[in-house]
Amino acid sequence: MSSQSDMKAQDALDALTAGLQARENVEDLIAESRTSSAGLEEFVEIIQALHNACALVEPDPEFSDRLRADLLGEQHGMVKRVRQMPARVHIAAALALIAGCLLFMMRRLFGSDAPEQIQEEAIATPL
Amino acid sequence: MKNFFARRGSYDELDDSALVKLAKEDKQAFGELYSRYLKKIYSYVYHRTGNTHDAEDLTAKVFMRAFSHIGNYEDRGLPFQAWLYRIAHNIVANWHRDQGRRKIIALDDYVAHSLKSEAPDHLAEESEEQTQLMEAVRRLPEDRQQLLLLKFIEQMSNAEIGVIMGRTEGAIKSLYHRTLLALRDDLQLMSEARRLGGTEV
């Protein structure tokens, strides 16, 4: 069971912590702690140091994306990046793919005997 | 399709309890909860473990467990945030038990962390005093570490911390007082030891 002085010290520490976290005038809080009988002066530095040290830490974006994908079953990495590209990029890529396929087919259909023809012509040509 | 996008767009306007109800059947709602709490849970775990590798591993476990158990979660006076912190606390406690030792930052991890470009400036420039302070925090019993991190990272009130830790507001206030006293004594002891070590050399 806490004694009266303990409870007083607990309340004062609580108020001091809240004040420091709210960035109230530190000098006033320190002066107040000096005059109070709770003897809080020695805690000011510790509370301030804790306030500075215990900050939010940003996780690695790659880690957060990967974990989200694992949890929600989404694609991540290259596939996700491709899917997030604008529609005009998708259309341009599709057109380029179709054009490439057409070119390949045309070469197969109309230009497949071209190398043999050249060879035959080379043989037929007298020296 | 239209409804789907309308609902997706409004996720950020929903409070936690509404999102939790949706998240039982809708993965995207859980995704919103994940976005809200990832940084907080990661920070909590990071400060408890002291290194990035374990912090990532344990944070992943926290969210995996939350995701697999959200169907059973019911808000009976325990808000989602408090539930998530309880999961984090249990996972970190088990990890400490498995490690069989109080975690003190390994040199490699400390160097890696200091060099890590993603780390915020204030951490990269963390002074030696701050490092000693955090090491002293990690030497405290688990419940005291939890209290300090919730108070200083989350800036939670004693009542909110009490909900997470299953104690009364008065008990938290008293524990905070005892924690600061223990921390002060530990830091004084360490400072004295360093001073004596320095004079002996």
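A few remarks follow.
Residue by residue, here is whether (1) modelled with pLDDT of 85 or more; (2) in a helix (DSSP H, G or I); (3) within 9 Å of chain B (Cβ to nearest Cβ) holds:
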position	(1), (2), (3)
A:ASP6	no, yes, yes
A:LEU29	no, yes, no
A:GLU42	no, yes, yes
A:HIS51	yes, yes, yes
A:LEU71	yes, yes, yes
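- Qualifying residue in region B:83-91 (condition: buried (at least 16 other Cβ atoms within 10 Å of the Cβ), at pLDDT below 95 and not in a helix (DSSP H, G or I)): no
- Yes/no for B:ALA193 being touching a Gly at 6+ places or on another chain (Cβ under 9 Å), free of Cβ contacts under 8 Å to residues at least 60 places away in the same chain and more than 9 Å from chain A (Cβ to nearest Cβ): no
- Applying a threshold of 9 Å to beta carbon distances and a minimum spacing of six or more residues, or different chains, the list of pairs starting in region B:71-84 at a residue that is at positive phi and ending at one that is surrounded by 10 or more Cβ atoms within 10 Å (Cβ to Cβ) reads B:GLY77/B:VAL163.
- Which listed residue, of B:ARG184, B:ARG167, is under 19 Å from A:ASP14 (Cα atoms), outside any helix (DSSP H, G or I) and either modelled with pLDDT of 90 or more or in contact with a strand residue (DSSP E or B) (Cβ under 8 Å, 6 or more places away or on another chain) (or both): B:ARG167
The values are calculated or read from the model by the stated rules, or taken from the named source; none is laboratory data. In this text the structure is predicted, and so the values were computed from the model without any measurement. For neighbour counting, all protein chains shown are included, and Cβ atoms are generated from backbone atoms with ideal geometry for every residue, glycine included.
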